[in-house]
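Each remark here refers to the structure printed beneath this line.
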Amino acid sequence: MQLNPTEQERLRIFTAAQLARATLERGLSLNVPEAVALVCDEMHMAARAGDPWEAVRDAGTAVAASTPVLDGVPELIREIRLEVLLDEGSRLIVLRSPFGAGEPGVRFGDGDVALVPDRERRPLTVTNTGTRPIRISSHFPFWDANENLSFDRDAARGFRLDLPAGDSMRWQPGETREVTLVALGGARGA
């Protein structure tokens, strides 16, 4: 069976969500990967069932509100970003503080860090030819992006947006943007 990167990621989320469900069945609270996977899996399932964006977001919020998590988890999960496939195409859902507020558990040092400095980069002109805004997240295989984005897909094969992990870029209907793509690590062109 051959799976594209999006399908592989969906199976990883499902597997981790099943582990989360087994953990909950034993009466235990969830850690960070389990909690995130469970919320993401519920949103993926709502999207697959044909629910609109708001209902998919609400499915994630509802499971987060009712799921017991270990101490410190709310501080570590400041937001969950997930691209789901809806009837109108891929859409980004962002849940902020899904397990409640808390003090940030990660501290950042001074200065900038070069993101994958040794990888090939390519400029590309991208236009949204659709009637709805389109958002693409940082590590989505760009050549496989929403069909309403017009660009040279052959040039984009094996590349993603040159953005920090978890960030995204948005195009309004009719908007053209110049972007920089960066080569994926590992085996490219899945």
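Worth pointing out:
- For the pair the range 136-173 and the range 20-58, the centres of their Cα atoms are 25 angstrom apart.
- Label sites at F14 and S150, each approximated as a point 7 angstrom past Cα along Cα to Cβ, lie 3.6 nm apart.
- With the simple spin-label model, which puts each label point 7 Å out from Cα in the Cβ direction, the M45 to T129 separation comes to 3.7 nm.
- Where a label projected 7 Å from the Cα of E75 along Cα→Cβ would reach, residues of the range 1-33 with amide N under 18 Å: 30-33
- Apolar share of the accessible surface for the range 120-190: 44 percent from carbon plus sulfur atoms, 1.4 Å probe.
- Between the helical axis of 5-25 and the longest alpha-carbon principal axis of the chain there is an angle of about 10 degrees.
- The angle between the Cα long axis of helix 32-48 and the main principal axis of the chain comes to about 60°, on a 0 to 90 degree scale.
- Restricting the range 4-60 to trypsin sites (Lys or Arg not before Pro) that sit in a DSSP loop and have at most 10 other Cβ atoms within 10 Å of their own Cβ leaves R26.
- For GluC sites (Glu not before Pro), the sites in the range 1-92 that DSSP calls loop and that have at most 14 other Cβ atoms within 10 Å are E88.
- Helix 53-65 vs. the chain, principal-axis angle (Cα, 0 to 90°, nearest 10): 30
The values are calculated or read from the model by the stated rules, or taken from the named source; none is laboratory data. Worth saying up front: this structure is predicted, and the values here are computed from it rather than measured. With ideal geometry, Cβ positions are generated from the backbone for all residues, glycine too; neighbour counts draw on all protein chains shown. SASA here: full protein model, heavy atoms, side chains in, ligands and nucleic acids out. Shrake-Rupley method; radii C 1.70, N 1.55, O 1.52, S 1.80 Å.
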